[in-house]
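The values are calculated or read from the model by the stated rules, or taken from the named source; none is laboratory data. Bear in mind that the values here come from a model prediction, so they are computed numbers and not experimental data. All Cβ positions, glycine included, derive from the backbone under ideal geometry; neighbour counts span all protein chains shown.
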Amino acid sequence: MNKTIVGVVGIGVVVAVGFAIYNNTQATESKQKATPSKLTGKVLALGSTALQPLAEQVGTSFQEKNPGLTITVQGGGSGAGLSQVANGSVQIGNSDVFAEEKEGVDASKLQDHQVAVVGIAPIVNTDVQVSNISKKQLQDIFTGKITNWQEVGGQDKKIVVINRATGSGTRSVFEKNVLSDGQSAIQSTEQDSNGTVQKIVSTTPGAISYLAFAYLDASGIKALNIDKVTPDKKNVEDNSWSIWAYEHMYTKGTPNGATKAFLKYFATKEVQKNIVPKLGYIGLTDMKVTRDATGKVENK
Amino acid sequence: MDKITQKLMQKSESTKKDSLGRAISLAALSLIVIVVISIFTFVMSRGLSTFFHDGVHVKDFLLGSTWNPSVINPQTKQPYIGALPMILGSFIVTFLAAIVATPFAIGTSLFMTEIAQKRGAKIMQPIIELLVGIPSVVYGVIGLTVIVPFIRQIFGGSGFGILSGTIVLFVMILPTITSMTVDTLKSVPRHYRESALAIGATRWQMIYKVVLRAATPGILTAIVFGMARAFGEALAVQMVIGNAALMPHDLTSPASTLTSVLTMGIGNTVMGSLQNDVLWTLAMILLLMSLVFNLVVRAIGRKGELK
């Protein structure tokens, strides 16, 4: 019984590896043949689940323009994206964080292509009678110093902190911009995706968490203002709302062929002004500031 | 004459088929062995590199109670890698689920084999088989939308925790234990029952004093199999247990298991980093535990053979 299962899995693994090798050789072969006018080949982008819906959408629309091209987008997490692109198994590694911020990645080998901006807002269950909060209070809630909504002007209700998994891109962005150096969030319930967080906060009384802007429009949750600043596109563009991050597509060295064309297409006005905002991200062309890996913000 | 000698000296068609069949089964077997060995070597080499390459003490890992691999403890200059909360979480949900499921499983299978054999075979058997085949994610979704709110209403808090995990696992392992117990009870020889009844035992006395006694090793094996399934279950548990790497101090506060931490974290870490290695070490513990469960099953089987 057990042996059969192992056998079946084994055969599966062998077949999968075979396909992977076959695909890889094919991809490189066709990439070499590719010419700018008529693109063929395969691009595999893997990584961040926050960037996945956008990358899929842009991929589809790029394929419509270049029928000879196959663009595959997979999830797996920012960590997987960065490590897979660094060892050359995928063409593009999607990440929510700068490669420099991720331990174990040789960032010097990778080339960064920023494709969009994502804003993140703290959210609470709608039964919480608080709509504005100071940054200090938010820090204290996530580090466990404040445990009741009474302490921040709400009703007498226990605060249920819901976090994202350690190492998740959204969590790193949130902690980097909300917590000060050396602080770490209290151990609490952790969930593995924006979707689950949305569902759980909307059903758990007194719950607080944080979500990407694209997920804010749901019943049962509401976004909090921080120091009277509303979490919206306009405030991210001039950095008055500081919890935002770039979505990165990393390539190993300078991209060429289909990969290069795809990344170029991602930066066009057509994509940045239409597809990007439609899916709840913020276009790079709209940003009035830039930020580097160390967190330094400069006006454009 | 020569023709006959030739024919006799040559391999016949059937002999050829015979050796072909042998070669095919041998190839299949070696493939399986290779796969098993490579899985073991891979998990072991990655899992052990936490201790050899990253210099983590085994004691700190197994007995430390703070889990936060991306944060460095300022006093010891080591990351927080105490896996005890998850190890305890895994064992607690597994044992609780087995303890709750066993009486139900034994009751159901006694009903099916001793009390209402016809109805048991016609109605219960297909139902149990159906339950075995339900994918774990379905149990998880039901747990998240039914059990978690239910627990929240009764006990307060967020509803996530060991209790919710136990309930989901109980439902998941119940059919496994039941169907294996049914098989064991069926294999108790008919003359045991007949002798018991012949010397004047009631049906209950016969079940309790003879059938269950004779079937004990088989029932224990069934329970261990159920526990192995519960211990390795990832998805359904992850959805209801709350995934907080905290020491479990009561049944309704969020906790975590080895599997839930593993599935949550593996995509967010980079291969070769300490954060990734410690997850492999958790995988190694899971693998070793499934080995232990297998050995236990064998030991029970050998000790309790009917003579």
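Outside any helix (DSSP H, G or I), over 30 Å from residue A:102 (Cβ atoms) and more than 14 Å from chain A (Cβ to nearest Cβ): is that true of residue B:200 in this structure?
For residue B:200, the condition - outside any helix (DSSP H, G or I), over 30 Å from residue A:102 (Cβ atoms) and more than 14 Å from chain A (Cβ to nearest Cβ) - is met.
Does residue B:224 satisfy being within 14 Å of chain A (Cβ to nearest Cβ) and farther than 20 Å from residue B:287 by Cα?
It is false that residue B:224 is within 14 Å of chain A (Cβ to nearest Cβ) and farther than 20 Å from residue B:287 by Cα.
Looking at residue B:37, is it within 12 Å of another protein chain (Cβ to nearest Cβ), part of a helix (DSSP H, G or I), surrounded by 15 or more Cβ atoms within 10 Å (Cβ to Cβ) and of a type outside the set (D, E, K, R)?
So residue B:37 fails the test.
In the set A:88, A:93, which member is assigned by TED's automatic domain parsing to the domain that holds residue A:259, over 17 Å from the mean Cα position of the chain (by Cα) and in contact (Cβ under 8 Å) with a residue 60 or more places away in the chain?
One residue alone meets the criteria, A:88.
Of the residues that make up region A:146-158, is at least one in contact with a helix residue (DSSP H, G or I) (Cβ under 7 Å, 6 or more places away or on another chain), free of Cβ contacts under 8 Å to residues at least 12 places away in the same chain and on the phi < 0 side of the Ramachandran plot?
Within region A:146-158, one or more residues are in contact with a helix residue (DSSP H, G or I) (Cβ under 7 Å, 6 or more places away or on another chain), free of Cβ contacts under 8 Å to residues at least 12 places away in the same chain and on the phi < 0 side of the Ramachandran plot.
Starting from residues that are assigned to a helix (DSSP H, G or I) and facing chain B (nearest Cβ under 10 Å), keep the ones in region A:176-201 and report whichever is surrounded by the most Cβ atoms within 10 Å (Cβ to Cβ).
Checked region A:176-201; the qualifying residue surrounded by the most Cβ atoms within 10 Å (Cβ to Cβ) is A:200.
Which of the residues that make up region B:257-272 are within 7 Å of another protein chain (Cβ to nearest Cβ) and farther than 17 Å from residue A:96 by Cβ?
Selection gives B:271, B:272.
Give me a count of the residues in region B:247-256 that are within 9 Å of residue B:85 (Cβ to Cβ), more than 9 Å from chain A (Cβ to nearest Cβ) and among the small types (Gly, Ala, Ser).
Of the residues in region B:247-256, 1 are within 9 Å of residue B:85 (Cβ to Cβ), more than 9 Å from chain A (Cβ to nearest Cβ) and among the small types (Gly, Ala, Ser).
Just to verify a result, which residue in region A:92-106, among those that are at pLDDT 85 or above and in contact with a Leu (Cβ under 8 Å, 6 or more places away or on another chain), is surrounded by the fewest Cβ atoms within 10 Å (Cβ to Cβ)?
A:99
Within 26 Å of residue A:141 (Cβ to Cβ) and buried (at least 18 other Cβ atoms within 10 Å of the Cβ): is that true of residue A:231 in this structure?
So residue A:231 passes the test.
Residue by residue, here is whether (1) assigned by TED's automatic domain parsing to the domain that holds residue A:203; (2) free of Cβ contacts under 8 Å to residues at least 24 places away in the same chain holds:
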site	(1), (2)
A:80	no, no
A:84	no, no
A:104	no, yes
A:111	no, no
A:130	yes, no
A:137	yes, yes
A:140	yes, yes
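Consider residue A:89 against the criteria (1) surrounded by fewer than 17 Cβ atoms within 10 Å (Cβ to Cβ); (2) away from every other protein chain (no Cβ under 13 Å): it satisfies all of them except one. Which criterion is unmet?
(2)
Which one of B:78, B:6, B:10 is more than 11 Å from chain A (Cβ to nearest Cβ) and in contact (Cβ under 8 Å) with a residue 12 or more places away in the chain?
B:78
For region A:70-84, which residues satisfy the criterion of being touching a Leu at 6+ places or on another chain (Cβ under 8 Å) and within 11 Å of chain B (Cβ to nearest Cβ)?
Scanning region A:70-84 gives A:74, A:75, A:76, A:80, A:81, A:82, A:84.
Residue by residue through region B:25-50, note down the ones that are closer than 30 Å to residue B:80 by Cβ and either aliphatic (A, V, I, L, M) or in contact (Cβ under 8 Å) with a residue 40 or more places away in the chain (or both).
B:39, B:40, B:43, B:44, B:46, B:47, B:48, B:49, B:50 - these are the residues of region B:25-50 that are closer than 30 Å to residue B:80 by Cβ and either aliphatic (A, V, I, L, M) or in contact (Cβ under 8 Å) with a residue 40 or more places away in the chain (or both).
Checking the conditions here, which among A:77, A:68 is small (Gly, Ala, Ser), in contact with a Gly (Cβ under 8 Å, 6 or more places away or on another chain) and exposed (fewer than 15 other Cβ atoms within 10 Å of the Cβ)?
One residue alone meets the criteria, A:68.
Got a sec? Which of B:137, B:182, B:148, B:188 is surrounded by 15 or more Cβ atoms within 10 Å (Cβ to Cβ) and within 14 Å of another protein chain (Cβ to nearest Cβ)?
Step by step, each of B:137, B:182, B:148, B:188 is checked, and only B:148 is surrounded by 15 or more Cβ atoms within 10 Å (Cβ to Cβ) and within 14 Å of another protein chain (Cβ to nearest Cβ).
For residue B:95, which of the numbered conditions (1) surrounded by fewer than 20 Cβ atoms within 10 Å (Cβ to Cβ); (2) touching a Pro at 6+ places or on another chain (Cβ under 7 Å); (3) touching a residue at least 24 places away in the same chain (Cβ under 8 Å); (4) not charged (D, E, K, R) fails to hold?
Checking residue B:95 against (1) surrounded by fewer than 20 Cβ atoms within 10 Å (Cβ to Cβ); (2) touching a Pro at 6+ places or on another chain (Cβ under 7 Å); (3) touching a residue at least 24 places away in the same chain (Cβ under 8 Å); (4) not charged (D, E, K, R), the one that fails is (2).
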